[in-house]
Each structure stands twice: as C-alpha cells, then as structure tokens.
Amino acid sequence: MKVYAINGSPRKNKNTATLLQKALDGVKESAKDKEIETEIINLYDLNYTGCISCFACKRLGGKSYGKCTVKDDIKEVLEKLSEADGIIFGSPIYLGNITGQLQSFLERLIFQYLVYDKNHSSIAPKKMSTAFIYTMNVPEEIMNEVGYLKTFNHIGAYIEQIFTKPLVMYSNNTYQFDDYSKYKMEIFSEEEKAAHRKAQFPIDCQKAFGLGVNLIK
Ligand SMILES: Cc1cc2nc3c(=O)[nH]c(=O)nc-3n(C[C@H](O)[C@H](O)[C@H](O)COP(=O)(O)O)c2cc1C
C-alpha cells in the first residue's frame, strides 16, 4: 500500500509540512502488520502548470482518454497517484484560498477524471481515501465569517466527487516566523502567537496523527 502527502506549501519544515508528516506517521501507525509506504511530494520542487485546456483527457477513442497528457514534472506524480491507496493534501491559506501551486495541481489531478456528463461522474482508476489539512493565520472562530469554510467545502466536494470524501483538519493562528520583531507585522502579537503555538500546535500535531490513523479503513 502507498499513501502520499501533497505539500502545497513552499516551506518544507513549517506548519503544513509538519502536520502532513504527522499524518503520515499516523498512517504508518495504523498500518501495523500491513506493508505501507509513505511519501511527501513537495509541489514547489516541481516545474509544472495548471490545466492547459487541451482536452486530450476528454477525447473520445484516444488512448489519452481520462489521462492528463501534459509533459511536465506533474506527469510522474499523476502516474503515482493513480495507484495510491491514500492521498493527504496540505495547504497554507494564501489570500483566502489554497496556494496557487496546489490549485494548479488539483486542476491537473481532478479534471482528467471528471466526465462532462449529467452526473459529473468520475473515471478515476481508484477511489482512494483522501484527507485535507489547511493551515492559516485566521483563528478558528472566524473561519466561517471570512468565508473559508465555504471554500473548503467547495474543494472537498470536488475531491469527493472524483475520489472519496476527505477527512479535514485545520490548524489556525499559525506561527509564521521565528522572530516577529524582524518583520512589519503589527496586527499580530508575537507573545500571543508564541503562546498559541506552544499550547495549540502540539494538539494540532496529535489531530494530524489521528487523521492519518483514520485514513485507511
Ligand atoms: C502570500 C501569503 C498569503 C497569506 N494569506 C493568508 C490568508 O489569506 N489568510 C490566512 O489566514 N493566512 C494567510 N497567510 C498565512 C499562512 O496561511 C499561514 O501562516 C500558514 O500556516 C503558513 O503555512 P506554512 O508554515 O506551511 O508555510 C498567508 C501567508 C502568505 C505567505
């Protein structure tokens, strides 16, 4: 079995990547006697574009039907994911949404399997388990007010349509730098951020671990 984490953050050892790794640790823990491999794919290491609207994946009778044919670094990732037993997506929130890199990646992953029929059916070769980890500055209490929950539900609905309903977790009010005094950031209090980080991030890591434990049923 193979479970992948897709890191949509440019940073490889900060909030999103840390939680993704915890989730993969949880996957390993749940595997017990099953053979299970895990891998993090860092999208910012790869050169690629979003969907280029060539429609090769929708062309009837061709061998590209249901497959993205764009030849860039994502090609190999899509091949790997077509045989995955689980995918855990992770993204920081940038300007109220997932990062551009992850959005471009999802266009490539999802559109190839989305059929333009009445039910928008899916021709994904496998209905693997999925999960999504979001990290952001915004505190949990105002995620709804600022419209983020609507955005997350929208993304989740696409993933469910094509694969399965994702397990979802959020990490809020994240710590962005090691030293807030070096940056112009007057809307944040370093003291409050550091206290939140100390109290809450270990809990978020536990949540991510639990999400991984529950990923593969
Ligand atoms: C370009 C940019 C835009 C951001 N926009 C938002 C935002 O709209 N809402 C929010 O809550 N946090 C925003 N943030 C904060 C990040 O989402 C947050 O710090 C996140 O946990 C960073 O993840 P990382 O540590 O994995 O890189 C933004 C950060 C950057 C760099």
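The values are calculated or read from the model by the stated rules, or taken from the named source; none is laboratory data. The model shown is predicted, which means the values in this text are computed figures rather than measured ones. Ideal geometry is used to build each Cβ from the backbone, glycine not excepted, and the neighbour counts take in all protein chains shown.
Per-residue answers, yes or no, for (1) under 18 Å from GLN176 (Cβ atoms); (2) not hydroxyl-bearing (Ser, Thr, Tyr):
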{"position": "SER9", "(1), (2)": "yes, no"}
{"position": "ASP33", "(1), (2)": "no, yes"}
{"position": "TYR48", "(1), (2)": "no, no"}
{"position": "ILE52", "(1), (2)": "no, yes"}
{"position": "LYS67", "(1), (2)": "no, yes"}
{"position": "LYS80", "(1), (2)": "no, yes"}
{"position": "SER91", "(1), (2)": "yes, no"}
{"position": "TYR94", "(1), (2)": "yes, no"}
Restrict the check to segment 57-67 and report whether at least one residue is surrounded by 14 or more Cβ atoms within 10 Å (Cβ to Cβ), assigned to a helix (DSSP H, G or I), modelled with pLDDT under 95 and over 18 Å from the mean Cα position of the chain (by Cα). no
So THR135 fits all but one of (1) at pLDDT below 95; (2) within 16 Å of the ligand (Cβ to nearest atom); (3) among the hydroxyl-bearing types (Ser, Thr, Tyr); what number is the exception? (1)
Can you tell me which residues in segment 144-167 are surrounded by 13 or more Cβ atoms within 10 Å (Cβ to Cβ), under 13 Å from ILE93 (Cα atoms) and more than 13 Å from the chain's Cα centre (by Cα)? VAL146, TYR148, LEU149, THR151
I'd like the full set of residues that are exposed (fewer than 14 other Cβ atoms within 10 Å of the Cβ), closer than 25 Å to VAL27 by Cα and among the hydrophobic types (A, V, I, L, M, F, W, C), limited to segment 182-210. ALA199, ILE203
From LYS71, LYS80, LYS75, which residue is without any contact (Cβ under 8 Å) to a residue 24 or more places away in the chain, away from the ligand (no atom under 16 Å from the Cβ) and under 17 Å from ALA5 (Cα atoms)? LYS75
Flag if ALA131 is touching a Phe, Trp or Tyr at 6+ places or on another chain (Cβ under 6 Å), surrounded by 14 or more Cβ atoms within 10 Å (Cβ to Cβ) and outside any helix (DSSP H, G or I): no
Give me a count of the residues in segment 94-115 that are closer than 22 Å to GLN161 by Cβ, hydrophobic (A, V, I, L, M, F, W, C) and within 14 Å of the ligand (Cβ to nearest atom). 2
Filtered residue count, segment 164-178, keeping only those that are out of contact with any strand residue (DSSP E or B) (no Cβ under 6 Å at 6 or more places or on another chain) and away from the ligand (no atom under 15 Å from the Cβ): 1
For segment 1-10, enumerate the residues that are in contact with a strand residue (DSSP E or B) (Cβ under 6 Å, 6 or more places away or on another chain) and either among the aliphatic types (A, V, I, L, M) or in a helix (DSSP H, G or I) (or both). VAL3, ALA5, ILE6
What tally of residues in segment 1-45 results from selecting those that are within 15 Å of the chain's Cα centre (by Cα) and acidic (Asp, Glu)? 1
Could we say that ILE123 is at pLDDT 95 or above, surrounded by 17 or more Cβ atoms within 10 Å (Cβ to Cβ), at negative phi and not polar (S, T, N, Q) here? no
Report yes if ARG59 is of a type in the set (D, E, K, R) and under 26 Å from LYS150 (Cα atoms), otherwise no. no
Looking only at segment 11-45, and only at residues there that are outside any helix (DSSP H, G or I), more than 13 Å from the ligand (Cβ to nearest atom) and crowded, with 16+ Cβ neighbours inside 10 Å, the one that is modelled with the lowest pLDDT: ILE36
Is there a residue in segment 86-99 that is over 30 Å from VAL146 (Cβ atoms), part of a loop (DSSP other than H, G, I, E, B) and not hydrophobic (A, V, I, L, M, F, W, C)? no
